[in-house]
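The values are calculated or read from the model by the stated rules, or taken from the named source; none is laboratory data. The structure displayed is predicted, hence computed values, not measured ones. Here the Cβ is made from the backbone with ideal geometry for all residues, glycine too, and neighbour counts use every protein chain on show.
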Amino acid sequence: MSELTEHIRGVLDRNKWSLREGAEQLGMNKGTLESILKPNTTPRLETLQELARALRLPLWRVVQMAGVNLDLPMSADERAARLASLAKEMPQYQKIVDHLLDLDPADTDGILMHLEGIALRRQARSEDRLHDR
């Protein structure tokens, strides 16, 4: 199961949406959503663009979550900025972020993407709690 599939299933579960309701909320038809949730399925780029808008995520992140290895090179400045942003968003990870600056950039990039995924899931849960009030 791709990270995107897990994320979408989480959104459906947190909001207690059926597939039909989820498809409506994500701006697509039920058949498209069903196909995205099937194992070993990579949605078309247009579908990923729709999901990125609906989920309020950058397109590159949704593409990555779908399992496409973008192999995007990251500059040292960009890496440091993303790590600083992550530390600000999740202060409890400050020690980890400090340690990541000392690792090989390839290792850091993978760990950074994983931690950003955690941050996105936390943000979604937080938004869901606000929505439920």
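Rundown of residues vs (1) closer than 19 Å to MET1 by Cβ; (2) touching a helix residue (DSSP H, G or I) at 6+ places or on another chain (Cβ under 8 Å); (3) crowded, with 17+ Cβ neighbours inside 10 Å, yes/no style:
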{"position": "LEU48", "(1), (2), (3)": "yes, yes, yes"}
{"position": "LEU55", "(1), (2), (3)": "yes, yes, yes"}
{"position": "MET74", "(1), (2), (3)": "no, yes, no"}
{"position": "PRO91", "(1), (2), (3)": "no, no, no"}
{"position": "ILE96", "(1), (2), (3)": "no, yes, no"}
{"position": "ALA106", "(1), (2), (3)": "no, no, no"}
{"position": "LEU115", "(1), (2), (3)": "no, yes, yes"}
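Scanning region 76-110 for residues that are among the basic types (Lys, Arg), modelled with pLDDT of 85 or more and under 20 Å from PRO58 (Cα atoms) yields a count of 1. Since GLU34 meets every condition but one in (1) at pLDDT below 90; (2) under 19 Å from GLU3 (Cβ atoms), which condition does it not meet? It fails just one condition, (1). What pairs can you find where one residue is in region 20-37 and in contact (Cβ under 8 Å) with a residue 40 or more places away in the chain and not assigned by TED's automatic domain parsing to the domain that holds LEU57, the other is among the hydroxyl-bearing types (Ser, Thr, Tyr) and exposed (fewer than 14 other Cβ atoms within 10 Å of the Cβ), and their Cβ atoms are less than 6 Å apart, with a gap of 6+ or different chains? Between residues of region 20-37 that are in contact (Cβ under 8 Å) with a residue 40 or more places away in the chain and not assigned by TED's automatic domain parsing to the domain that holds LEU57 and residues that are among the hydroxyl-bearing types (Ser, Thr, Tyr) and exposed (fewer than 14 other Cβ atoms within 10 Å of the Cβ), there is no close pair.
Every residue, every condition in (1) charged (D, E, K, R); (2) under 16 Å from the mean Cα position of the chain (by Cα); (3) within 18 Å of ARG122 (Cα to Cα), yes or no:
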{"residue": "MET1", "(1), (2), (3)": "no, yes, no"}
{"residue": "ARG9", "(1), (2), (3)": "yes, yes, yes"}
{"residue": "GLN25", "(1), (2), (3)": "no, no, no"}
{"residue": "LEU48", "(1), (2), (3)": "no, yes, no"}
{"residue": "ALA66", "(1), (2), (3)": "no, yes, no"}
{"residue": "SER75", "(1), (2), (3)": "no, no, no"}
{"residue": "SER85", "(1), (2), (3)": "no, yes, yes"}
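When ASP109 is tested against (1) in contact (Cβ under 8 Å) with a residue 24 or more places away in the chain; (2) outside the structural domain of ALA124 (by TED's automatic domain parsing); (3) not small (Gly, Ala, Ser), just one condition goes unmet, and that condition is (2). On the basis of being in contact with a Ser or Thr (Cβ under 6 Å, 6 or more places away or on another chain), modelled with pLDDT of 85 or more and within 26 Å of ARG125 (Cβ to Cβ), does ALA54 make the cut? When the stated conditions are applied, ALA54 does not pass them.
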